[in-house]
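K.L.:
Sharing a structure, written as structure tokens. Questions coming.
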Amino acid sequence: MLLLGLLLLLPLLAGARLLWNWWKLRSLHLPPLAPGFLHLLQPDLPIYLLGLTQKFGPIYRLHLGLQDVVVLNSKRTIEEAMVKKWADFAGRPEPLT
């Protein structure tokens, strides 16, 4: 009986953890996420990324494998991120590529 109770409690706790993580991510005000992994299959990747800029704006996120990558795709946003707000980007992890 105790084992059955633990087996029922485990998915409930896992679901609560997933909802909590989703709620925390929702409050971070992240840039929009380009859906899917199709950008990895594009033969002309820079042209495809420019198309995403027209759809999502100059700042958006992509999935590269399991890692989210933020793409800055205009001179003004790159200058703002790397010159004016450089301290916010100083502690970012090195990419695997």
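K.L.:
How many of the residues making up the stretch 41-50 are within 16 Å of Lys75 (Cα to Cα) and surrounded by 10 or more Cβ atoms within 10 Å (Cβ to Cβ)? Walk me through how you get there before you give the answer.
P.N.:
Here is the first cut: in the stretch 41-50, the residues within 16 Å of Lys75 (Cα to Cα) are 46, 49-50.
Subset that is surrounded by 10 or more Cβ atoms within 10 Å (Cβ to Cβ): 49-50.
Qualifying residue count, the stretch 41-50: 2.
K.L.:
Can you give me the ranges of the helices (runs of 4 or more DSSP H) entirely in the chain with at least 3 residues that are in contact with a strand residue (DSSP E or B) (Cβ under 6 Å, 6 or more places away or on another chain) and at pLDDT below 80?
P.N.:
Passing ranges: none, list empty.
K.L.:
Is it fair to say Asp68 is acidic (Asp, Glu) and closer than 20 Å to Leu33 by Cβ? Break it down stepwise before answering.
P.N.:
Values: acidic (Asp, Glu): yes; closer than 20 Å to Leu33 by Cβ: yes.
Considered against the rule, which asks whether it is acidic (Asp, Glu) and closer than 20 Å to Leu33 by Cβ, Asp68 comes out as yes.
The values are calculated or read from the model by the stated rules, or taken from the named source; none is laboratory data. Here the structure is a predicted model, which is why all the values come from computation and not from measurement. Cβ: placed from backbone, ideal geometry, glycine included. Neighbour counts: every protein chain shown.
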